[in-house]
């Protein structure tokens, strides 16, 4: 399977598991909704900038968006929140918070590795 199709399938899977609409993801990325549809269908390649932003939103590593094995992808997906009633600003705040947490965990692992 081509990489852009894998990314598209993963994007769709993460988005639907979180109960997000394409419109919400498009607003989060500041793009037209049709681009999200094209990403999910594998007709357009997802930019690295968008991959990074999506990884923060979904609380996964960029590598998880590239994962071909759906079972492994689902195992790595440990982020759950109710998306009902969330505004665009809420999604941005959640993504930023997830980024801070990931950075903290990486720094903590490095410190404990040296101890």
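Return yes when residue 108 is loosely packed, with under 12 Cβ neighbours inside 10 Å and modelled with pLDDT of 75 or more and no when it is not.
So residue 108 passes the test.
Which one is modelled with the highest pLDDT, of the residues in the stretch 79-89 that are closer than 16 Å to residue 54 by Cβ and more than 13 Å from the chain's Cα centre (by Cα)?
So, considering only residues that are closer than 16 Å to residue 54 by Cβ and more than 13 Å from the chain's Cα centre (by Cα), the one modelled with the highest pLDDT is 88.
Out of the stretch 36-54, which residues are assigned to a helix (DSSP H, G or I) and either touching a residue at least 40 places away in the same chain (Cβ under 8 Å) or surrounded by 18 or more Cβ atoms within 10 Å (Cβ to Cβ) (or both)?
Answer for the stretch 36-54, where residues must be assigned to a helix (DSSP H, G or I) and either touching a residue at least 40 places away in the same chain (Cβ under 8 Å) or surrounded by 18 or more Cβ atoms within 10 Å (Cβ to Cβ) (or both): 36, 39, 40, 50, 51, 53, 54.
The values are calculated or read from the model by the stated rules, or taken from the named source; none is laboratory data. Nothing here was measured: the structure is a model prediction, and the numbers come from that model. In this analysis, Cβ positions are derived from the backbone assuming ideal geometry, glycine residues included, and neighbour counts consider all displayed protein chains.
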